[in-house]
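Every read-out reported here was derived from the displayed coordinates using simple, explicitly stated rules and does not represent laboratory data. Note that the structure is predicted; figures quoted are calculated from it, not measured. Methodologically, a virtual Cβ is constructed for each residue, glycine included, from the backbone with ideal geometry; neighbour enumeration extends over all protein chains shown.
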Amino acid sequence: MQGADQGFHNYLYYSGKLQNAQRIRSIAVYDQGRGIVNNMGAMRTKELNEWGNGKMVRDEVNGDKTVLNWDGVVSPVVHQFDRFKPLSEFVYKRKTKELQEEWKKQRDEAKLEKA
């Protein structure tokens, strides 16, 4: 939780050191809550909408939670969701069980196909 990886990435990008990297074709940099990856790493002390980078909405029918970018579009990738307590609680309390059940179902189906 105390790492400095983002600082290293910022240095490499803004110093131009990645421009001649043979395996990197292009790099796009977006403001928080505007690109395809919404990073929750800094969202530790306030509600998401208080940070101004979007909001988390709850589906009233099934209880699912969705993170939206500033423009209201669903965030395709929510990186470091575990750093944002309301979202990590949702994932670990509810989604983990659902994913485990789905994994067991697929495992059992694969065993039946082999038999």
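Only helical DSSP H runs with n ≥ 4 go in: add -39500 (n - 2.57) per run for the chain, normalise by residue count and round the 222 nm mean residue ellipticity to 500 deg cm²/dmol.
It comes out at -10000 deg cm²/dmol, rounded to the nearest 500.
The list [x] 6.3; [y] 7.5; [z] 11.3 gives values of mean projected area of the Cα convex hull in nm², and only one came from this structure; which label was calculated from it?
Of the listed options [x] 6.3; [y] 7.5; [z] 11.3, [z] comes from this structure.
With angles folded into 0 to 90 degrees, how steeply does helix 5-14 sit against the dominant principal axis of the chain? Use alpha carbons for both and round to 10.
It is inclined by approximately 40 degrees.
In nm, give the distance between the simple-model label positions of residue 30 and residue 79, each being 7 Å from the Cα along the Cα-to-Cβ direction.
About 1.1 nm separates the two model spin labels.
How far apart, in nm, are the 7 Å Cα→Cβ label points at residue 88 and residue 17?
2.9 nm
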